[in-house]
């Protein structure tokens, strides 16, 4: 067997000399010596070019001839030429015959096959374990910057990985996906979040990449057919036989390249893994961790795949006379290092957002790494430490169930280690890496008596932790998850630790340097917000110039007066992104003593500083002038939206409780509110009319607004939340009593009228942001400009629902339109983007390429607003020639900040949505599984969940391996989205916007791992 393998290997390497040597060694014969000499004169077919290790993959590989001789054919051609050599003796020919019989593959009988008989591959089923889109409404989309068509990328999900060529971005049932061609020929619809590594754009010639795809093939995918493995006639029927053949040839070339990359990556990975720590040469991933992890056992650090590759390649040859190897990002060595790091989640965790951009890994602390392996060994060996923990945990469950929390024992340090690893089963849920903590958590949960027939999931981990008094019923752990996300983000980017308090009342030196630019405010400033608002960012004021001439001033809070850009509070705020609002709690961007205290407009007794954004407007909404300034504010009138609506004679929006209201519940108001005088009401009426006129101008030629009422969960009781739950040092030493007073309900606000205080104040904030954008654009100041391109009709857009049709159907002088009409249009809606230069913002009505749009009016709640303030102050100081002020940051510095802030704000947004869905699902499930709580009252009646009206939000789509279709439906009586399951036959004529009746189902509805409210068609 070894001889046969050796001969096969020698042929695979295309090495004539080695084959001769192997043949001579294998067959001990007196003829081998002369035979070797004779064979050396017969040339083999030239071998394919090789790629040098440590270099970028050559871009000319796809240009190789497509029909290269197979390895078997090369062997046979060589054998034929050799056997025809009349110099060989009979015995030599017999020996060659025996050798060729061993190394030549036998001809295989072809198997008849049709694409319709093939199902999805095992790799695809594993990758899309949670289901993937296979049909439905599919349309073309715009390129994602950095993930353009023609890029080779690595994708990871469900602990599976693959590389492929991005063929095209598409929208599948309204969701953005990348069509990915794999080496097997399959085409997968992957999410941009699946992408973990991007290879150089030059790797695949543009012409070759373009030849692999046609947007006309979207028609096949819409039918649920896999265009990657369909028969050629399927594609030929759409794009023509010749183009289909060209496409097939191009895909084969790309498949060859993808397999080549996989082989080269394996070779490079072997090279990076060679050596040992003891020898001082290489040592693989363990050597990287040993060298780069912080010597402080509790301190995390960061590293990139490029740094790892460069370190390992150079440490393998540490001699001084060896030239230093420099590794560039996105090259083969970096990718090989990336693959190695991904395998060791016990040491390295991939960046949780845009990994393909950053290539960064969080390096666990040494203490964390040792704790994972220590607990793993205890569990595997059933160590007495683990046995004692299980006994104590079961005892704690019994005592807590009996209401005897005061008798529960304390956890030892070792047991707290076990609990901290158990908690990882809830927090570390991304499946881009194999997470050893999840396996340990599953073992612990099983040992604590969880039903062995039930798969161990996030829900099992949370149930277990609650049963032993470590998590309160009211805690969905989203706040703790966000805190851990922030901590890890700060670890990745090596910034200062958390600062939660504020003691300084002195301005920064840079801000004090511009005090000469501040002027006293002579305006009556109205600070209008919700009665529960804690951070009051902005106020509005009116200045009359003439009968048809007004200055509208927007005053904005000024946290940057006390915060330098590099202050620990500011640095942490950058990684937090924005304030977080959850049912029952909140997490402010800034320390409460700062954001909810003296800096909130109208809260200071001694006056306060503010930044103003002002526009000179006439009653028709025309803007004639603008300015940005700094003010000393002394007179602020703090009031609420409801008070303003009542004063202006506008109906106050009512709140309904479709599934019951908690008895005795009232909103907690903050601060005191001023009474409005007649003069105040007159000014507010003018401000409202001006806002209406400005809105009409804004939406004259572009943009939509679609207000969709969304229910808000209210959560009372149920214990305290633990923001630091995933921090080992913050875990409770003793199990806590399990509260039984948890109550939750859903409130549903009415739609807001165009002239409501909420709408007109919001419009004036948009005006202020436009003024700030114009100020920055005119001075070429880099800030976070936001925008998107114009909406377009798609191939799915029906007559009467084109962009032009829908613009004409809006409520006059506004952008308001029934959201169902927008959904019916199935329009092409480009993504919003952020840039350091001005962009059009079509959906907001700003379709001209002028000065763009920024956000500047909520600096107490959003970090990018603070960044705008720092930049504007620096520019004002420079224009005035003031010394001691901060300089204006350049575009590169601002871009780096924006990347971090956008990631943080996305985490906050996801956390808020998750928590809202979680508690909505909790309310729905509780109403479906039992009688209403006696703590509830029903002022608005109770919605019948067995037959409720809904509107189709997305086209029904099939799931791989299932004949049941799924679609999203908006339930207006509940103000939420539900997932509805239906047989395909009932959805044949269903369209987006159709009204249907649905029955919500307790068995389909769940809170974990991903909250979902689900049901079926009635």
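The values are calculated or read from the model by the stated rules, or taken from the named source; none is laboratory data. Computed from a prediction, not measured in an experiment: that's the story for all the values here. Note that we place each Cβ from the backbone using ideal geometry, even for glycine, and neighbour counts take in every protein chain shown.
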Among (1) within 24 Å of residue 490 (Cα to Cα); (2) out of contact with any strand residue (DSSP E or B) (no Cβ under 7 Å at 6 or more places or on another chain) - the single one residue 902 does not satisfy: (2)
Might you let me know whether the range 333-348 holds any residue that is modelled with pLDDT of 90 or more, in contact with a helix residue (DSSP H, G or I) (Cβ under 8 Å, 6 or more places away or on another chain) and assigned to a strand (DSSP E or B)? yes
Scope the range 877-896; condition touching a residue at least 12 places away in the same chain (Cβ under 8 Å) and either in a loop (DSSP other than H, G, I, E, B) or crowded, with 19+ Cβ neighbours inside 10 Å (or both); matching residues: 877, 882, 883, 884, 885, 886, 887, 888, 889, 890, 894
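Among the listed residues 703, 719, which satisfies the condition of being part of a loop (DSSP other than H, G, I, E, B) and at pLDDT 95 or above?
On the way: 719 fails: at pLDDT 95 or above.
After ruling out the rest, the residue left standing is 703.
State yes or no: is residue 563 surrounded by 13 or more Cβ atoms within 10 Å (Cβ to Cβ), closer than 15 Å to residue 859 by Cβ and out of contact with any strand residue (DSSP E or B) (no Cβ under 9 Å at 6 or more places or on another chain)? Give the derivation first.
Numbers: surrounded by 13 or more Cβ atoms within 10 Å (Cβ to Cβ): yes; closer than 15 Å to residue 859 by Cβ: yes; out of contact with any strand residue (DSSP E or B) (no Cβ under 9 Å at 6 or more places or on another chain): yes.
Against the criterion (surrounded by 13 or more Cβ atoms within 10 Å (Cβ to Cβ), closer than 15 Å to residue 859 by Cβ and out of contact with any strand residue (DSSP E or B) (no Cβ under 9 Å at 6 or more places or on another chain)), residue 563 qualifies.
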Please go through the range 939-979 and pick out each residue that is more than 27 Å from the chain's Cα centre (by Cα), surrounded by 22 or more Cβ atoms within 10 Å (Cβ to Cβ) and assigned to a strand (DSSP E or B). 950
Do we find a residue being surrounded by 14 or more Cβ atoms within 10 Å (Cβ to Cβ) and in contact (Cβ under 8 Å) with a residue 40 or more places away in the chain anywhere in the range 238-247? no
I'd like the full set of residues that are within 30 Å of residue 934 (Cα to Cα) and in contact with a strand residue (DSSP E or B) (Cβ under 7 Å, 6 or more places away or on another chain), limited to the range 647-680. 653, 655, 656, 657, 658, 659, 660, 661, 662, 663, 665
Residues that are under 30 Å from residue 584 (Cβ atoms) and either in a helix (DSSP H, G or I) or in contact (Cβ under 8 Å) with a residue 24 or more places away in the chain (or both), drawn from the range 665-689: 665, 667, 668, 669, 670, 671, 672, 673, 674
Pairs with Cβ under 9 Å, 6+ apart, first in the range 932-951 and without any contact (Cβ under 8 Å) to a residue 40 or more places away in the chain and not assigned by TED's automatic domain parsing to the domain that holds residue 659, second exposed (fewer than 13 other Cβ atoms within 10 Å of the Cβ) and not in a strand (DSSP E or B): 934/663
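Collect the residues in the range 408-429 that are farther than 15 Å from residue 391 by Cβ and either touching a helix residue (DSSP H, G or I) at 6+ places or on another chain (Cβ under 9 Å) or buried (at least 18 other Cβ atoms within 10 Å of the Cβ) (or both), keeping them in residue-number order.
The first filter runs over the range 408-429 and keeps only residues farther than 15 Å from residue 391 by Cβ, leaving 413, 416-417, 420-429.
416, 417, 420, 421, 422, 423, 424, 425, 426, 427, 428, 429 - these are the residues of the range 408-429 that are farther than 15 Å from residue 391 by Cβ and either touching a helix residue (DSSP H, G or I) at 6+ places or on another chain (Cβ under 9 Å) or buried (at least 18 other Cβ atoms within 10 Å of the Cβ) (or both).
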What's the number of the only condition in (1) in contact with a strand residue (DSSP E or B) (Cβ under 9 Å, 6 or more places away or on another chain); (2) in contact (Cβ under 8 Å) with a residue 60 or more places away in the chain that residue 737 fails to meet? (1)
Please list, ordered by residue number, the strands (runs of 3 or more DSSP E) wholly in the range 174-261 having 2 or more residues that are modelled with pLDDT of 90 or more, closer than 23 Å to residue 967 by Cα and within 31 Å of the chain's Cα centre (by Cα). 175-182, 187-190
Working only within the range 809-828, note down all residues that are free of Cβ contacts under 8 Å to residues at least 40 places away in the same chain, buried (at least 18 other Cβ atoms within 10 Å of the Cβ) and assigned to a loop (DSSP other than H, G, I, E, B). 827
Name the one entry in 586, 604 that is farther than 15 Å from residue 563 by Cβ and touching a strand residue (DSSP E or B) at 6+ places or on another chain (Cβ under 7 Å). 586
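Working carefully through the options 683, 625, 618, find the one that is touching a strand residue (DSSP E or B) at 6+ places or on another chain (Cβ under 7 Å), buried (at least 19 other Cβ atoms within 10 Å of the Cβ), assigned by TED's automatic domain parsing to the domain that holds residue 855 and modelled with pLDDT of 90 or more. Please lay out each step first, then the result.
Numbers: 625 fails: buried (at least 19 other Cβ atoms within 10 Å of the Cβ); 618 fails: buried (at least 19 other Cβ atoms within 10 Å of the Cβ).
Result: 683 is the single residue among 683, 625, 618 that is touching a strand residue (DSSP E or B) at 6+ places or on another chain (Cβ under 7 Å), buried (at least 19 other Cβ atoms within 10 Å of the Cβ), assigned by TED's automatic domain parsing to the domain that holds residue 855 and modelled with pLDDT of 90 or more.
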For the range 265-287, the count of residues that are under 22 Å from residue 371 (Cα atoms), surrounded by 14 or more Cβ atoms within 10 Å (Cβ to Cβ) and more than 28 Å from the chain's Cα centre (by Cα) equals 3
The one condition residue 806 fails out of (1) surrounded by fewer than 18 Cβ atoms within 10 Å (Cβ to Cβ); (2) assigned to a helix (DSSP H, G or I); (3) outside the structural domain of residue 897 (by TED's automatic domain parsing) is (1)
Would it be correct to say that residue 849 is surrounded by fewer than 18 Cβ atoms within 10 Å (Cβ to Cβ), assigned by TED's automatic domain parsing to the domain that holds residue 590 and not in a helix (DSSP H, G or I)? yes
Residue check, residue 871 assigned by TED's automatic domain parsing to the domain that holds residue 600 and either more than 25 Å from the chain's Cα centre (by Cα) or closer than 21 Å to residue 581 by Cβ (or both): yes
Conditions first: (1) in a strand (DSSP E or B); (2) modelled with pLDDT under 65. Residue 155 passes all but one, so which condition is the exception? (2)
